[in-house]
1. Taking the criterion of being open to solvent by 20 Å² or more (accessible area, probe 1.4 Å), on the phi < 0 side of the Ramachandran plot, of a type in the set (A, V, I, L, M, F, W, C) and not in a helix (DSSP H, G or I), would at least one residue in region 109-117 satisfy it?
2. Can you go through 295, 260 and tell me which one is farther than 25 Å from residue 423 by Cβ and modelled with pLDDT of 85 or more?
3. Quick one: would you say residue 128 is hydrophobic (A, V, I, L, M, F, W, C), open to solvent by less than 60 Å² (accessible area, probe 1.4 Å), within 25 Å of residue 93 (Cα to Cα) and out of contact with any His (no Cβ under 6 Å at 6 or more places or on another chain)?
4. What single numbered condition from (1) under 25 Å from the mean Cα position of the chain (by Cα); (2) crowded, with 19+ Cβ neighbours inside 10 Å; (3) modelled with pLDDT of 85 or more fails to hold for residue 268?
5. From 331, 295, 275, which residue is of a type in the set (S, T, N, Q) and open to solvent by 30 Å² or more (accessible area, probe 1.4 Å)?
6. Can you name the residue in region 430-451 that is among the aromatic types (Phe, Trp, Tyr) and not in a loop (DSSP other than H, G, I, E, B) and is also farthest from residue 84 (Cα to Cα) among such residues?
7. For residue 189, only one of the following conditions fails: (1) modelled with pLDDT under 90; (2) touching a helix residue (DSSP H, G or I) at 6+ places or on another chain (Cβ under 6 Å); (3) open to solvent by less than 70 Å² (accessible area, probe 1.4 Å). What is its number?
8. Quick one: how many residues across region 80-108 are of a type in the set (Lys, Arg) and open to solvent by less than 40 Å² (accessible area, probe 1.4 Å)?
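The values are calculated or read from the model by the stated rules, or taken from the named source; none is laboratory data. This structure is a prediction, so every number in the text was calculated from the model and none was measured. We place every Cβ from the backbone using ideal geometry, glycine too, and count neighbours over all the protein chains shown. We work out accessible area using only protein heavy atoms, side chains counted, and drop any ligands, DNA or RNA first. Shrake-Rupley method; radii C 1.70, N 1.55, O 1.52, S 1.80 Å.
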Amino acid sequence: MKNRLFSDKEFYQKLIRLTLPIAFQSLMLALVAAGDAVMLGRLDQNSMAAVSLATQVQFIQNMILMSITGTATILGAQYWGKGDTKVINDIFCMILRLTGLVSALFFVACVFFPGYLMHIFTNEPELIAIGSGYLQIAGWSYLLTGISQCYLSIMKISEHASRSAWISSGAVVLNILLNAVFIFGLLGMPAMGARGAALATLIARIVELGWSVISSLQKSFLRPDWKRFFHRDPLLASDFRKCALPLLGGSLLWGIGFTSYTAVMGHMGADAAASNSIAAVVRDLMCCLCNGISSAGGIVVGNELGSGNLEKGKLYGDRLAKLSFICGLLSTLLVLAVTPFVVNFIILTDTAKQYLTGMMVIMAIYMIGRCVNTIVINGVFAAGGDTLFDMYSLTVCMWGIAIPVSFAGAFLFHWPVLAVYACTCLDEVGKIPWVMAHYKRYKWVKDLTRE
């Protein structure tokens with residue numbers, strides 16, 4: 001079988017057909033954070049920084065939800081390749097139960113204890129007050145997010161990725177439009193600032209969930225069989241745990257680690273918090289392509305592995321690994337190209353602008369590691385159920401090196417802001433050799449399905 005990078009039309013047709021809607025969906029989701037940052041940044045710096053800190057709570061929730069829906073995608077892609085929709089339905093019901101529980105817990109924390117949550121990320125009283133008001137409203141949307149993500153994940157693996165993208169994109173467009181209305185007080189509405197951004201998010205999530213459920217009722221779409229909602233298959237549950245627990249561990253290590261980075265920058269002053277919040281938005285926008293390739297590549301490889309075509313799945317993995325480096329280099333150039341525009345567009349103090357310029361240059365280098373690790377670990381490795389490596393690598397590189405050095409630099413040695421920010425980017429670039437060495441062992445080439 002030929003292994004020339006761009007010679008296989010079948011592979012690229014499958015990859016592009018899935019990548020474009022998933023990457024577009026990822027872009028639209030990132031645009032919500034960008035819309036919040038831009039609109040609140042035009043209002044005042046503190047509102048922008050406070051909302052950026054407050055949304056770290058949702059970021060952690062999303063990490064847990066992604067481990068649940070990500071496991072469904074891993075197993076579902078293989079069973080879809082095998083043609084077993086009955087098992088996919090059982091997986092669908094299982095993740096609905098799990099995400100419903102997680103969403104309820106985060107709802108209670110945000111609505112009833114927002115001040116305690118904000119104290120984790122900053123000691124600035126004004127930021128705590130603004131962020132608490134945001135969380136009390138946005139917390140209601142956290143009840144709905146997990147359920148809608150279950151529906152959207154099942155659509156992706158069952159050849160309805162485009163519908164999933166339309167639903168997410170439609171919700172994002174609505175969110176951004178309502179942001180403008182509620183933040184600035186357009187169309188006769190009162191100007192609500194940060195609380196307006198939260199209300200816009202809540203309405204958008206209601207529409208997203210409603211659209212997802214209605215779409216699932218159409219012909220050829222998968223929907224949960226409510227008669228089997230509480231059915232439990234011990235073997236399937238065991239397979240799910242084997243994938244989900246390492247994925248959850250990795251997601252929590254990564255999510256809490258990133259939240260720790262945000263907390264470090266938040267405690268270095270309002271200028272550092274504001275510039276870091278803008279850099280985070282740019283980073284998320286730049287990662288949309290690698291996120292799309294990772295998700296799509298995982299489905300494509302998983303389909304082949306689940307149908308028993310292990311050599312073809314291995315070949316597709318080789319192609320994705322090479323594409324990850326190309327994606328990283330393109331992302332680096334793009335970050336450098338947009339830096340002058342980003343720095344001059346947002347209303348920031350002169351000090352914050354200096355910080356942001358330096359952060360963008362550091363981020364440009366970071367993007368190489370981020371793209372390679374995202375596509376190879378979250379795409380190729382996950383396709384074959386090799387989810388434990390991610391947890392190991394995060395434990396060593398992020399929690400063993402980057403986080404301790406960042407905390408020491410900020411609170412013990414009092415390093416400059418940009419030096420501390422550079423420490424938060426150490427892990428992605430540093431673990432590339434380890435990732436590629438593990439890749440070459442091909443432990444991820446596995447068929448996870450059962451008869």
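1. Yes, the conditions are met somewhere in region 109-117.
2. 295
3. no
4. Exception for residue 268: condition (1).
5. Exactly one residue qualifies, and that residue is 295.
6. Selected residue: 434.
7. Failing condition for residue 189: (3).
8. 0
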